[in-house]
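Student: My questions will all concern the structure given below.
The values are calculated or read from the model by the stated rules, or taken from the named source; none is laboratory data. These numbers were taken from a predicted model, which means no experiment stands behind them. Don't worry about glycine lacking a Cβ; one is built from the backbone with ideal geometry, like all the others, and counts go over all protein chains shown.
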Amino acid sequence: MEFLRPATWDEALAAKAEHPSALPISGGTDVMVELNFDRHRPSALLDLNRISELTAWESGRFEGQEGEVIRLGAAVPYARITRELSRELPGLALAGNTVGSPQIRNRGSVGGNLGGASPAGDAHPALLAAGRDVLVEAESVRGTRLIPIDEFYVGVKRNSLEPDELIRAVRIPVADGPQQFSKIGTRNAMVIAVCAFGIALHPKNGTVGTGIGSAAPTPRRAVEAEEFIAGELAERGLWESGALIGPAAIQRFGELVTAAASPIDDVRGTAAYRRHALAVMARRTLTWTWNEYTQSLRSAA
Amino acid sequence: MSQIRTEKNLQNITTAHPDGIGGSPLRPDGILKVKGEFAYSSDMWHEDMLWGMALRSPHAHAKILSVDITEAVKHPGVQAVMTYDDIPGSKFYGLEIKDQPALATGKIRYHGEAIAIVAADHPETARRALAKIKVEYELLPTITTEEQCLDPETHGYVHEPSEYKGHASGNIVHSQKVISGLGVTDEVRALADVVIKGDYVVGMQDQAFLGPESGMAVPAEDGGIDLYIATQWLHVDREQIAPVLGLPENKVRLTLAGVGGAFGGREDLSMQIHACLLAQRTGKPVKIVYSREESFFGHVHRHPAKLTYETGATRDGKLVYCDARIVLDGGAYASASPAVVGNAASLGMGPYEIPNVNMLAVALYSNNPSCGAMRGFGAVQACFAYEAQMDKLAAALDIDPVELRQLNAVEQGSIMPTGQEIDSPAPVAELLRRVKALPLPPALDTTHLDVRDIPGALSNTSHGEGIVRGVGYAVGIKNVGFSEGFDDYSTARVRLEVIGGEPVAMVHTAMAEVGQGGVTVHGQIARTELGVERVTIHPANTEVGSAGSTSASRQTYMTGGAVKLAAEAVRNELLALGRKRYGWDYNDLSLVGGKVVSASAGALVPIADLLGDSAIDLTREHHHRPTVPFDKETGQGFGHVQYTFCAHRAVVDVDVELGLVKVVELAAAQDVGKALNPLSVVGQIQGGSTQGLGLAVMEEIVVKDGKVRNPSFTDYLIPTILDTPPQPVDVLELADEHAPYGLRGVGEAPTLSSTPAVVAAIRQATGLALNRVPVRPEHLTGTGE
Ligand SMILES: Cc1cc2nc3c(=O)[nH]c(=O)nc-3n(C[C@H](O)[C@H](O)[C@H](O)COP(=O)(O)OP(=O)(O)OC[C@H]3O[C@@H](n4cnc5c(N)ncnc54)[C@H](O)[C@@H]3O)c2cc1C
């Protein structure tokens, strides 16, 4: 196995173009497990750890995205996201905080989560919920491609990267409302999601974002649930009034989230449990975010 | 001889050494392990060393039509490829029944069975060579359920009758009945006012030790083999290895390598024979280290069990009878199944006086993974069932569950269903009283929530919603030492000599230190008995006699007892020397603070002066009192060496909507006879309790049609620190006069009752029956198996 260690991003892109089958390695928390379990024998490893810009983030305004955006380097570890960006990216920070253990959170990255594109990756529901204009910055020697998050996940552990492309960063709009993330595991730490749910309120454009993890071949959003609850909030003037959503609508939201999933039975849990748990998480997280929103309305008033 | 008797000296000589028995000196391996500097068996290295690896079956039940190794042999870097036909000596081995082929022949009986082994210059070379071995299988229907196992006419035999090596017949490895009083007849049933029936299931738990199976076999010039190995019992390994190699036992020498946990999983052989065979064949040192995945196939697990209990009691809560059937899935090979059955049958009524008993325990052969020893050994499964029965009975009678247990608890002088009298303290009622008397943890404070404190923890599933608290109690009974007539003696050699002007004791045993703290205790015993400061521990090897297994909660009792005997013998010889030299006629001599001390006359002489250049080097064997096998039909017999008891109170918070559990506190009370090392004792109790907690809420090897579905720590979950609650421990010390220092084995009892206590607490929180462990979120939410 060859071990490629580019010192710069351009060298990395050149190496990837030359060795399209080379496997990028960032935090290595997925890659090394695959190698150790002998599930994967790549011809070459492309080590991205010398490229310091991948572990940096910046905030600013970018074309095609409204408002302030965080451009998160692919290799920024979860621990730093939770520490440094919990105000700007609260959903992702919460999701990152559920990943593995402190050691894994010190190494694992959103770029790696996207690279693996596992349906159980915890960043995905948070990214989906954060809005349709979350963009994955994919780059190759041929140039940059901004892949909308909705088009990124294409199959079980498959993403829409081309063989010569690397993820440079993810552009995520700064939260304009409360966000939450919940995940089910059969122990209280260091557990792969049985299922997970992310939600983000977007009062600016009156939408609600969702993301479902581990309950379908790919991470996916619960489109009908989003539209239903956005409709409720708009029609009943709740964004302005901050009044209670009410149990019926919350219940319906949970049902629609469940309906959007297509889980299977496996060693981690049954499909029936996943459906049940998604509904519970959807109801609870909607309640939490709405409570937070109404509080912010009141304190602003 | 001049005696110096200053104030200071007097104090020195009359005070027992703080690191003697009853003290808590730190263990020598502790800091090394925490810092990652401890040398485990997997860290060994030898010049010219080869790497060994095994080819394992992807099927659970299949005929082997052919094995073609041609391409593997030709692979560059490969030094040997061996199959069944290359085994020089006897082809089968086993702990109790020699029914397991060292390499598969003819038939595959479980998923992961080894078929061929390879030695190569690099692990990657070995892996590639394995991939070139061509095995042709003819798949056979698997025999995996109780119904299939018990109907061999229809479903076939795991071991054909012609090749059957077990004690029983059909697909039954072993069975044991226990009948006492009038047994359970219609007349007996009529004596009960209340009858509770229950069916229980215990899933397959794994020892989940962190150091994978590993070791190194080094060929010696005399044609023998030196094996450096992480194991639980050097001598029984040797007994099984030597015949397969076609060598006399004295040509197979074993030395203990650094062990990363055991819990019963190293009682059977794993890579030992394979490494030795390859070393013998190649003439080179051969190292084998299992990967984590291979480790799940490389050792036996705890027997999954189905238990059927019927318990009758009077209106005022007195137990009248119990009828029970325990079916243990032994898997493909016998391993320790017969002894596990003996324990399940003889301890399966719990620490209760029950006048009429009818018990049957059986272990089956199946195409599931082999099961054998694991901490608690046959007593764990039964404890889950009989404690659930007690809770149901308490509910039916509207009696407090702790009171009901106390009302029926055994005590010293009680007769077990096997007819054996409990002839040492059995403070079951007192342990329950103590654990109940401990203050309860505070209620969940929902106004200042730290999500780490509630079910789901950082997964952020609840901010207080759906959470219900429950409290549950349980108590268990476990035996210490090997039972049923087995003489599992221990040997110890103690040498006393002067080094650098100071008396130094050296303790040499073959005891496997697997993390239990045995070497620390040996040092403490030597300090106490010989009054020395410095003790060195000789590496454990087969140059000294057997120390028996590091299992059955027996090592401090047995090998600790042997060290005590050997040290006493050394002391006697030293004092005899003194009497001879100085003409002492004191009969109140002891060794304290490096001196010979008379209780009446004070310090007489420094040990170093008395001993001079000579050394006293003595070896002693320690045998426990004899036991007898249980009668096959009635289970009667003085079968156990010692009993041990632990009680638990579990407090849990359950998110009843999501089915997630957080154990808030797991309190224990245990009688240890005498705490030789109080810190270690508490460590053992907390560790055992945690392992039982794991079985209660998460630990299970999932097997479907004989295939292991979760051979990794990604999906075989064990408790993390956030799953492990505070564990207050109340240690009682009521001496057992039959045991050295009055001590009682500690390691296993806490593993029994923690599981049913946690489940009882979950039942209280949810109102659900929960007849199966581990309890999964599905069971708590009605969403599937
Ligand atoms: C003990 C343990 C616990 C874990 N727990 C969780 C958990 O709770 N939740 C969870 O979601 N995950 C978990 N994981 C998986 C893993 O930590 C995450 O998926 C993490 O996000 C991977 O990031 P990484 O930087 O380590 O990726 P790596 O392992 O370096 O790479 C992962 C994949 O992404 C590709 N890749 C990496 N960087 C790039 C790039 N810049 N461009 C293109 N492709 C790239 C790699 O080629 C590889 O396919 C766990 C892993 C372990 C070992």
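Student: Considering only residues that are within 34 Å of the chain's Cα centre (by Cα) and within 14 Å of chain A (Cβ to nearest Cβ), look in the stretch B:125-143 and name the one that is nearest to residue A:36 (Cα to Cα).
Tutor: Step by step, filter the stretch B:125-143, then rank; the result is B:127.
Student: Another question about this same structure. If you check residue A:75 against the conditions, is it within 15 Å of the ligand (Cβ to nearest atom), in a loop (DSSP other than H, G, I, E, B) and farther than 26 Å from residue A:207 by Cα?
Tutor: yes
A quick yes/no check of all residues on (1) touching a helix residue (DSSP H, G or I) at 6+ places or on another chain (Cβ under 8 Å); (2) more than 14 Å from chain B (Cβ to nearest Cβ); (3) basic (Lys, Arg); (4) crowded, with 24+ Cβ neighbours inside 10 Å:
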residue: A:109; (1), (2), (3), (4): yes, yes, no, yes
residue: A:113; (1), (2), (3), (4): yes, yes, no, yes
residue: A:127; (1), (2), (3), (4): yes, yes, no, yes
residue: A:149; (1), (2), (3), (4): yes, yes, no, yes
residue: A:154; (1), (2), (3), (4): no, yes, no, no
residue: A:177; (1), (2), (3), (4): yes, yes, no, no
residue: A:190; (1), (2), (3), (4): yes, no, no, no
residue: A:197; (1), (2), (3), (4): yes, no, no, yes
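Student: Being buried (at least 22 other Cβ atoms within 10 Å of the Cβ) and touching a Leu at 6+ places or on another chain (Cβ under 8 Å) is the filter here, so list the residues in the stretch B:405-424 that pass it. Before the answer, list the steps.
Tutor: Here is the first cut: in the stretch B:405-424, the ones buried (at least 22 other Cβ atoms within 10 Å of the Cβ) are B:405, B:409-410, B:416-418.
Within the stretch B:405-424, B:405, B:409 meet the criteria.
Student: A follow-up question, please. From B:380, B:357, grab the single residue that is crowded, with 24+ Cβ neighbours inside 10 Å, at pLDDT 95 or above, β-branched (Val, Ile, Thr) and under 22 Å from residue B:406 (Cβ atoms). Outline the logic, then answer.
Tutor: Working: B:380 fails: under 22 Å from residue B:406 (Cβ atoms).
Answer to the selection: B:357.
Student: Could you run through the stretch B:523-542 and say how many residues are buried (at least 22 other Cβ atoms within 10 Å of the Cβ), polar (S, T, N, Q) and outside any helix (DSSP H, G or I)?
Tutor: 0
Student: Kindly establish whether residue A:149 is in contact with a Cys (Cβ under 6 Å, 6 or more places away or on another chain), more than 10 Å from the ligand (Cβ to nearest atom) and closer than 30 Å to residue A:279 by Cβ.
Tutor: On the way: in contact with a Cys (Cβ under 6 Å, 6 or more places away or on another chain): no; more than 10 Å from the ligand (Cβ to nearest atom): yes; closer than 30 Å to residue A:279 by Cβ: yes.
Taking the combined requirement at face value, the residue does not satisfy it.
Student: Follow-up question, since we're still on this one. Residue A:89: under 11 Å from the mean Cα position of the chain (by Cα), away from chain B (no Cβ under 14 Å) and either farther than 23 Å from residue A:281 by Cα or not β-branched (Val, Ile, Thr) (or both), yes or no?
Tutor: Values: under 11 Å from the mean Cα position of the chain (by Cα): yes; away from chain B (no Cβ under 14 Å): yes; either farther than 23 Å from residue A:281 by Cα or not β-branched (Val, Ile, Thr) (or both): yes.
Judged against the criteria, residue A:89 is a match.
Student: Among the listed residues B:317, B:342, B:312, identify the single one that is under 21 Å from the mean Cα position of the chain (by Cα) and in contact (Cβ under 8 Å) with a residue 24 or more places away in the chain. Don't jump to the end; show me each part of the working.
Tutor: Numbers: B:317 fails: under 21 Å from the mean Cα position of the chain (by Cα); B:312 fails: under 21 Å from the mean Cα position of the chain (by Cα).
Answer to the selection: B:342.
Student: Condition test on residue B:268, is it at pLDDT 95 or above and buried (at least 23 other Cβ atoms within 10 Å of the Cβ)? Steps first, please.
Tutor: Working: at pLDDT 95 or above: yes; buried (at least 23 other Cβ atoms within 10 Å of the Cβ): yes.
So residue B:268 passes the test.
Student: Which numbered condition trips up residue A:192, out of (1) in contact with an Asp or Glu (Cβ under 7 Å, 6 or more places away or on another chain); (2) in the same structural domain as residue A:211 (by TED's automatic domain parsing)?
Tutor: (1)
Student: Check A:161, A:114, A:146 and return the single one that is in contact (Cβ under 8 Å) with a residue 40 or more places away in the chain, under 11 Å from the mean Cα position of the chain (by Cα) and outside the structural domain of residue A:220 (by TED's automatic domain parsing). Before the answer, list the steps.
Tutor: Numbers: A:161 fails: under 11 Å from the mean Cα position of the chain (by Cα); A:146 fails: under 11 Å from the mean Cα position of the chain (by Cα).
None of the others qualify; the one that does is A:114.
Student: Could you check how many residues of the stretch A:12-41 are more than 14 Å from every other protein chain (Cβ to nearest Cβ), near the ligand (Cβ under 10 Å from one of its atoms) and part of a loop (DSSP other than H, G, I, E, B)?
Tutor: Looking only at the stretch A:12-41, we keep the residues that are more than 14 Å from every other protein chain (Cβ to nearest Cβ), and these are A:12-28, A:31.
Narrowing the set further to residues that are near the ligand (Cβ under 10 Å from one of its atoms) leaves A:12, A:16, A:22-28, A:31.
With part of a loop (DSSP other than H, G, I, E, B) added as a condition, the list becomes A:22, A:26-28.
Total meeting the criteria: 4.
Student: Could you look through the stretch A:180-207, keep only residues that are β-branched (Val, Ile, Thr) and in contact (Cβ under 8 Å) with a residue 60 or more places away in the chain, and pick out the one that is nearest to the ligand (Cβ to nearest atom)?
Tutor: First, the residues of the stretch A:180-207 that are β-branched (Val, Ile, Thr): A:184, A:186, A:191-192, A:194, A:199, A:207.
After this cut, where a residue has to be in contact (Cβ under 8 Å) with a residue 60 or more places away in the chain as well, the list is A:184, A:186, A:192, A:194, A:199, A:207.
Values: A:184: 11, A:186: 12, A:192: 6, A:194: 11, A:199: 18, A:207: 25 Å.
Checked the stretch A:180-207; the qualifying residue nearest to the ligand (Cβ to nearest atom) is A:192.
Student: Of the conditions (1) modelled with pLDDT under 95; (2) closer than 30 Å to residue B:564 by Cβ, residue B:739 clears all except one; give me its number.
Tutor: Exception for residue B:739: condition (1).
Student: I've got another one for you. Please enumerate the residues belonging to the stretch B:419-450 that are of a type in the set (A, V, I, L, M) and within 26 Å of residue B:668 (Cα to Cα).
Tutor: The initial filter retains those residues of the stretch B:419-450 that are of a type in the set (A, V, I, L, M), namely B:422, B:426, B:428-429, B:431-432, B:435, B:437-438, B:440, B:443-444, B:449.
Answer for the stretch B:419-450, where residues must be of a type in the set (A, V, I, L, M) and within 26 Å of residue B:668 (Cα to Cα): B:422, B:426, B:428, B:429, B:431, B:432, B:435, B:437, B:438, B:440, B:443, B:444.
Student: Here is a further query. What residue, of A:236, A:168, is within 16 Å of the ligand (Cβ to nearest atom) and away from chain B (no Cβ under 14 Å)?
Tutor: Details: A:236 fails: within 16 Å of the ligand (Cβ to nearest atom).
That would be A:168, the only listed residue that is within 16 Å of the ligand (Cβ to nearest atom) and away from chain B (no Cβ under 14 Å).
Student: What number of residues within the stretch A:93-133 are more than 7 Å from the ligand (Cβ to nearest atom) and part of a loop (DSSP other than H, G, I, E, B)?
Tutor: Residues in the stretch A:93-133 being more than 7 Å from the ligand (Cβ to nearest atom) and part of a loop (DSSP other than H, G, I, E, B): 6 in total.
Student: Could you go through the stretch A:275-286 and let me know if any residue there is surrounded by fewer than 18 Cβ atoms within 10 Å (Cβ to Cβ), within 14 Å of another protein chain (Cβ to nearest Cβ) and under 24 Å from residue B:659 (Cα atoms).
Tutor: Residues of the stretch A:275-286 that are surrounded by fewer than 18 Cβ atoms within 10 Å (Cβ to Cβ), as a first pass: none.
No.
Student: Is it the case, given these coordinates, that residue B:112 is surrounded by fewer than 19 Cβ atoms within 10 Å (Cβ to Cβ), closer than 27 Å to residue B:703 by Cβ and of a type outside the set (D, E, K, R)? Quick ask: steps written out before the conclusion?
Tutor: Values: surrounded by fewer than 19 Cβ atoms within 10 Å (Cβ to Cβ): no; closer than 27 Å to residue B:703 by Cβ: yes; of a type outside the set (D, E, K, R): yes.
No: the conditions fail for residue B:112.
Student: When you scan the stretch B:756-785, how many residues do you find that are crowded, with 24+ Cβ neighbours inside 10 Å and within 13 Å of residue B:391 (Cβ to Cβ)?
Tutor: Of the stretch B:756-785, the ones crowded, with 24+ Cβ neighbours inside 10 Å are B:756-762, B:773, B:775-777.
Now restrict to residues that are within 13 Å of residue B:391 (Cβ to Cβ): B:756-762.
Qualifying residue count, the stretch B:756-785: 7.
Student: If you go through the stretch B:441-466 one residue at a time, how many are within 14 Å of chain A (Cβ to nearest Cβ), touching a residue at least 60 places away in the same chain (Cβ under 8 Å) and under 35 Å from the mean Cα position of the chain (by Cα)?
Tutor: 7
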